[in-house]
Amino acid sequence: MFRNKMSEKINLVCLPFAGGNRYSYRPLFNESSAIFNVVTLEYPGRGTRIFEELTADINKLVNDLFEQMKPVLSKGDYALYGHSLGGLLTYLLVLKIRENNYKSPRHVFITGASGPSAPSRQTKKFHLYPHKEFIEEVIVLGGMPHEILQDSAMMEFLEPILRNDFKVSETYVHQVAEPLNIPFTVITGIDEDLTAEDVLLWQNESIPAVDFKQLDGNHFFIMQHRDFIINAIAEKLTNN
């Protein structure tokens, strides 16, 4: 049976996608779950940390996320979830947690991301595109409301944040690490610009067999399948 006591809820720690902030997953997790509490971390330079400087240094970002995680790490069971850039940072955060001898997450959930070792990560250089081509790529990826795309002032504000976050992913150089003894669930969209080979590379990072799933939709398929995503997370956290 699913847990129903507040004291038994598991903290689901979420890492935002490129351009996102701690509020970005509200459309996905807009209702309370009987199984988990949603805790979303914040990157510098946006959301509640808007006055801080952006950083494309992935090591600084992971250290920052680790410091934010410490209160959660002292509260019992937890799980981690990241979409796209958040998926890559989730993986690196788990390595950091292991390195510092903290308790591992019960489960890791990744959506919309190729494995960390995928060579294609370094072939994409969207963060270097001229303005027009860059915005066109943002539109192709989806996830940006039409009202914001049509608001030139808002896009002028968001473009440096998006470029910064694309740079984080596109300049990441993978370093082979000992596989994690943690169950992974990896979900991707059928119409995403991701190859099956690159997605399957997640298995290199986990000792248990990764549960791979595909759903209809493009890069932001998660918003079309919120019930499926929530139920999949709840089922994994209940059965593990």
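Exactly one of (1) open to solvent by less than 30 Å² (accessible area, probe 1.4 Å); (2) on the phi < 0 side of the Ramachandran plot; (3) assigned to a loop (DSSP other than H, G, I, E, B) is unmet by V72. Its number?
(3)
Tally up the residues in segment 188-199 that are closer than 16 Å to A118 by Cα and in contact with a strand residue (DSSP E or B) (Cβ under 7 Å, 6 or more places away or on another chain), please.
Final tally of qualifying residues: 3.
List every residue pair whose Cβ atoms sit under 6 Å apart, with the two residues 6 or more apart in sequence or on different chains, where the first one lies in segment 10-39 and is open to solvent by 20 Å² or more (accessible area, probe 1.4 Å) and the second, anywhere, is of a type in the set (K, R).
Filtered contacts from segment 10-39: N21/R46; N37/K9.
Would you please name the residue that is nearest to S84 (Cα to Cα), looking only at residues in segment 210-240 that are of a type in the set (A, V, I, L, M) and assigned to a helix (DSSP H, G or I)?
Looking at the filtered set, the residue picked out is I222.
Any residue in segment 138-155 that is surrounded by 12 or more Cβ atoms within 10 Å (Cβ to Cβ) and touching a strand residue (DSSP E or B) at 6+ places or on another chain (Cβ under 7 Å)?
no
Would you be able to tell me the number of residues in segment 198-240 that are of a type outside the set (S, T, N, Q), in contact (Cβ under 8 Å) with a residue 24 or more places away in the chain and open to solvent by 80 Å² or more (accessible area, probe 1.4 Å)?
Adding up the residues that qualify gives 3.
How many residues, within segment 169-188, are touching a Phe, Trp or Tyr at 6+ places or on another chain (Cβ under 8 Å) and part of a helix (DSSP H, G or I)?
The total comes to 1.
The values are calculated or read from the model by the stated rules, or taken from the named source; none is laboratory data. The model shown is predicted, which means the values in this text are computed figures rather than measured ones. Cβ sites come from the backbone with ideal geometry, for glycine too, and all protein chains shown count toward neighbours. When the accessible area is computed, the model is the full protein with side chains, heavy atoms only, and any ligands, DNA or RNA have been set aside. Shrake-Rupley method; radii C 1.70, N 1.55, O 1.52, S 1.80 Å.
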